[in-house]
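Student: What follows is a structure written as structure tokens; I'll ask about it next.
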Amino acid sequence: MLSCLPVSLFPEIISGRMSPGKWARLAADCGLDAFDISILFVKDQSRAGLAAMRKDLETGGLPLHMVCTYPDFTAPDPAVRERELEKERRYIRAAWALGADSVRITAGQYYPGEDQDRQLAQVTGAFSRLAELAEKFKITLLWENHSKPGAWERPDHNFHPERLEKMRAALMGSPVRMNYDIANAYLLGLDEAFMRRCLSVTESVHVNDVASVSPIRFAGIGEGKAGVGEALKTLKRLGYQGDFSIEEASGEGAEGIRKYTEVTRRLLEEAGF
């Protein structure tokens, strides 16, 4: 299955200039199998608001795959972490109400000077508590080798090879699965060995590309430095059989989504998927 998170359209959708339903219809028109959204699209999380939004999303005729969220479970203040946990519980319920099958979660921001082992325990503990709720709603939780969303001041706690590896190891055997991000792996200089170690827990792959490392700038798929085609071939050779999601961040709007959906289809076909 190939879906898409329309980062290029975030300003339009979040501001209300474009409805989430219009994005769902565009996704269908682009030939995608499913579509993804950000929780930032979900303005009204009341029962009536979610029902109305689901009806709008269903006009595209495609299933909603992933809802991307941005919890911060590394915050030093326990009260902040509890608020983040309760907020994420609401998001899981909202994702279920909208018909999604998965929710992307994050560890949280990197806070210099904090004890890293304690932060890891905070994150895995929060994930475990969320997994109990997600199971009831038949929602798969997906953590990611994440870099930094626009909503945060700092990079992800896991945007560091050593901390990321500890996170991966700590979640082995957990019901929380992985959304493997090709561009973010490239940004950290991670090679095939890391991909191989992640493979058994990877449920979904974010397909995206990188224009520059410092500063971080993303690119249209196949036009950057991340070697997306080779990464897909490696995933095929290693036996990956899960889903793909285009994280379309070219900044080219709807036409960029059309263009890079076609590019991704071609790269997947060339890789043997």
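Student: If the cut-off is a Cα-Cα distance under 18 Å, which aspartates and glutamates reach residue 233, setting aside same-chain residues fewer than 8 apart in sequence?
Tutor: The qualifying aspartates and glutamates are 181, 191, 192, 203, 209, 223, 243, 262, 269, 270.
Student: Using Cα pairs closer than 8 Å and at least 6 residues apart in sequence, work out the relative contact order for the chain, in percent. It would help to have the intermediate numbers written out before the result.
Tutor: Values: 492 pairs, mean separation 50.2, N = 273.
Rounded, it is 18 percent for the chain.
Student: Order of 117, 72 from fewest to most other C-beta atoms within 10 Å?
Tutor: Exposure proxy ranking, most exposed first: 117, 72.
Student: Let me ask something additional. When we measure straight from the Cα of residue 236, which lysines land under 30 angstrom away, once same-chain ones fewer than 8 places off are left out?
Tutor: Within the straight-line limit of under 30 Å, residue 236 reaches these lysines: 138, 148, 166, 225, 259.
Student: Among all the lysines, which ones have a C-alpha under 26 Å from residue 136's C-alpha, if same-chain residues fewer than 8 places away are not counted?
Tutor: Those lysines meeting the cut-off are 43, 55, 87.
Student: Going by average Cβ neighbours within 10 Å, how do the peptides 37-47, 76-86 rank, with the highest at the top? Provide the component values of the computation, followed by the final result.
Tutor: Working: 37-47: 16.2, 76-86: 13.0.
Highest to lowest by the protection proxy: 37-47, 76-86.
Student: Can you give me the long-range amide H partners of residue 30? Hydrogens built in the peptide plane at 1.01 Å from N, cutoff under 5 Å, separation of 5 or more residues or another chain.
Tutor: none
Student: Shifting gears a bit: By count of other Cβ within 10 Å, fewest leading, how are 168, 266 ordered?
Tutor: Listing 168, 266 from fewest to most nearby Cβ atoms yields 266, 168.
Student: For the chain, set up a Gaussian network in which alpha carbons nearer than 10 Å are linked by springs, and say which option among 175, 112, 155 fluctuates the most.
Tutor: Maximum among the listed residues: 112.
Student: Now, a different point. What FRET efficiency comes out for the pair residue 172/residue 58, r = Cβ-Cβ distance, R0 = 35 Å, nearest 0.05?
Tutor: For residue 172 and residue 58, the calculated efficiency is 0.45.
Student: Can you sort 65, 160 by how many other beta carbons sit within 10 Å, fewest first?
Tutor: On the way: 65 24, 160 15.
In increasing order of surrounding Cβ atoms, one gets 160, 65.
Student: Quote to one decimal, in nm, the extra length available between residue 85 and residue 133 on full extension: 0.36 nm per residue of separation minus the C-alpha distance between them.
Tutor: Between residue 85 and residue 133, full extension yields an extra 16.1 nm.
Student: Sticking with this structure for a sec: How would you order 223-229, 209-215 from highest to lowest mean count of nearby Cβ atoms within 10 Å? Mind dumping the intermediate values first?
Tutor: Values: 223-229: 18.4, 209-215: 14.3.
Going from most to least packed, we get 223-229, 209-215.
Laboratory data are not the source of any read-out in this text; all were calculated from the coordinates shown. Every value quoted in this text rests on a predicted model; they were computed, and no experiment measured them. Every residue, glycine as well, gets a Cβ built from its backbone with ideal geometry; the counts of neighbours run over all protein chains shown.
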